[in-house]
Amino acid sequence: MSAPVYPGAPNQPPYPMSQPGGAPYPVPPGYGDPSQAPPPGFNMGYSGQPAVMYQPGPVGPVPGPEYGGPPGGISPAPGVPAVPVGVPPGLEYLTQIDQILIHQKVELLEAFIGFETNNQYEIKNSLGQKIYKAKEKNDCCTRNCCGSLRSFDMKIKDNMDREVIRLIRPFRCVSCWCPCCLQEMEVQAPPGTTIGYVKQDWHPFLPKFSIQGANKETLMRLEGPCFACNCCGDVNFELKGKDGDTPIGRISKQWSGLLKEVFTDTDNFGIQFPLDLDVKMKAVLMGACFLIDFMFFEKVGEANQRSSVFS
């Protein structure tokens, strides 16, 4: 009777084996090609891409079960790093996706009496699974006196309640006629380490932003419509390359329904970006989405709601 053969034994092929002919396994489609423009409208699901089931969790290998013991975690294959090089801790999950949904939570106190509270958001994948949560940190006086222009710190935490991203927005001017004091946001991941900036570019009538790296070098550009008003439809901010000509994604303010749009300021956003985009820039794009929300869609009394760079 011959002895059993286990994976990794001598003279045995490595696991898993490649396809016949030595070709690697097929890679699911995504926005890997920077020259490919996203389809019209926001795509709520992947195009043939399998669902990503792993949520952000503890980093590192999980000890495997002993022989004959109960089922447990599976250790990573030898020679494969558990954490991609250069990825801030807690952002590993972003390397696997090319779409993000951001849903602002309804605050009952704010909805019924109009008292402005700290904004809270749930960040989900295209299947609706929560991957992060975000909460504004601010004081009562700043929120209700400065309105949508208020400065704030926003903490983004993973499902293990660890802060992985911090967004810092200083108080800035509202008018496009003052180009020396335009809107901006700093993105840190992990908190204390700056990975990029979102800066508003001056333009007489279009909302434009530069997506910058840690050294304030412009890597991508974001351009919105003349009037950022979603009357029964989505509002799209096109993400383009550094040259500003090639579309590679978008940030979409999605129509939430008549009742929610009129009586609350709970907003739904979708972000599309290339699958192989630097994970740090994916985090910066999340910061850009929150900045756009505060600039154009935050309702703190009708006087604080903007629809263009003029107001």
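The values are calculated or read from the model by the stated rules, or taken from the named source; none is laboratory data. Keep in mind the model is a prediction, meaning the values are calculated, not measured. Heads up, the Cβs are rebuilt from the backbone with ideal geometry, glycines too, and the neighbour counts pull from every protein chain shown. Each accessible area value is taken on the protein alone, full model and side chains, heavy atoms only, with ligands, DNA and RNA left out. Shrake-Rupley method; radii C 1.70, N 1.55, O 1.52, S 1.80 Å.
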Practice task
Answer yes if at least one residue in the range 122-130 is at pLDDT 90 or above, of a type in the set (Val, Ile, Thr) and part of a loop (DSSP other than H, G, I, E, B), and no otherwise.
Solution key: no
Completion exercise
In the range 186-243, anything polar (S, T, N, Q) and assigned to a loop (DSSP other than H, G, I, E, B) is listed as Thr193, Asn215, Asn230
Handout entry: Residue count, the range 217-230 (criterion: over 13 Å from Phe297 (Cβ atoms), open to solvent by 50 Å² or more (accessible area, probe 1.4 Å) and modelled with pLDDT under 95)
Key = 1
Problem - Residue match in the range 166-173 (condition: under 15 Å from the mean Cα position of the chain (by Cα), modelled with pLDDT of 95 or more and either over 24 Å from Lys208 (Cα atoms) or open to solvent by 30 Å² or more (accessible area, probe 1.4 Å) (or both)) - result: yes
